[in-house]
Amino acid sequence: QVQLVESGGDLVQPGGSLRLSCAASGISFSLYAMGWYRQAPGKQRELVAGITSGGSTNYADSVKGRFTISRVNAKNTVYLQTNSLKPEDTAVYYCNARLGPQEYWGKGTQVTVSS
């Protein structure tokens, strides 16, 4: 059974930081491309950051220079370090694993940026 479990979401003030984690089980983690997506109320889910099995990364323009995605294959975990958070970063953040036609999603973790 495949599971992706996100953690680390919280209420944080503008300018603050959070580290999100996604622990995977039931897949050969090192083979999968991993991604973080987010969905704000009333908006479509959007890609925030992705990392390939080889470690190449890509970011949405809105988070470049502020967010960093990384993975530790030995821990079957992908991270999203979020810095200089803005109110517009408020959303549910979802973890995604993809290998060819296989794709899995976590249930999400809430990030709220507010003073």
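Just to verify a number: what accessible area does residue 17 come out at with the full protein assembly present, 1.4 Å probe, Å² rounded to tens?
Looks like 60 Å² after rounding.
Non-local amide H neighbours of residue 71 (under 5 Å, H modeled in plane, Pro and chain starts lacking H): which ones?
79
Just going by the charge dipole of the chain, with Lys and Arg at +1 and Asp and Glu at -1 on Cβ, which of 63, 73, 3 is farthest out on the positive end?
The listed residue farthest towards the positive side: 73.
Which of 30, 14, 91 sits closest to the plus end of the dipole of the stretch 1-94, meaning its Cα is farthest towards the positive end, when Lys and Arg get +1 and Asp and Glu get -1 on the C-beta?
Working it through, the farthest residue towards the positive pole turns out to be 30.
Under a 1.4 Å probe, what is the accessible area of the stretch 29-115 per residue, stated in Å²? Can you show the working numbers first?
Values: 4570 Å² over 87 residues.
Per residue, the stretch 29-115 has 53 Å² of solvent-accessible surface.
Can you tell me the dipole magnitude for the chain around its Cα centre, using point charges on the Cβ only (Lys, Arg +1; Asp, Glu -1), in Debye to the nearest 20? Write out the running numbers ahead of the final one.
Numbers: 11 positive and 7 negative charges, 22 e Å.
Roughly 100 debye for the chain.
Within the chain, what whole-number % of the accessible surface is contributed by carbon and sulfur, with the 1.4 Å probe and all protein chains included in the calculation? Intermediate results must be reported in sequence, preceding the final value.
Numbers: 2810 of 6130 Å².
Answer for the chain is 46 percent, counting heavy atoms of protein chains only.
Just how many % of Cα pairs in the chain lie over 22 Å apart, if you round to the nearest whole percent? Working shown, then result.
On the way: 1691 of 6555 pairs.
It works out to 26 percent of all Cα pairs.
I need the calculated FRET efficiency for the pair residue 62 and residue 27, taking r as the beta carbon distance and R₀ as 25 Å, to the nearest 0.05.
Values: r = 29 Å, r/R0 = 1.15.
E between residue 62 and residue 27, to the nearest 0.05, is 0.30.
Taking the alpha-carbon distance from residue 43 and a cut-off under 15 Å, which aspartates and glutamates remain once sequence neighbours fewer than 8 residues away in the same chain are dropped?
88, 89
Determine the distance separating the Cα centre of the stretch 15-69 from the Cα centre of the stretch 90-115; give it in Å without decimals.
7
The values are calculated or read from the model by the stated rules, or taken from the named source; none is laboratory data. None of these values were measured; they are calculated from a predicted model. Quick reminder, even Gly has a Cβ in these numbers, built from the backbone with ideal geometry, and neighbours come from all protein chains shown. Just so you know, the surface numbers come from the protein's heavy atoms only, side chains and all, with ligands and any DNA or RNA stripped out. Shrake-Rupley method; radii C 1.70, N 1.55, O 1.52, S 1.80 Å.
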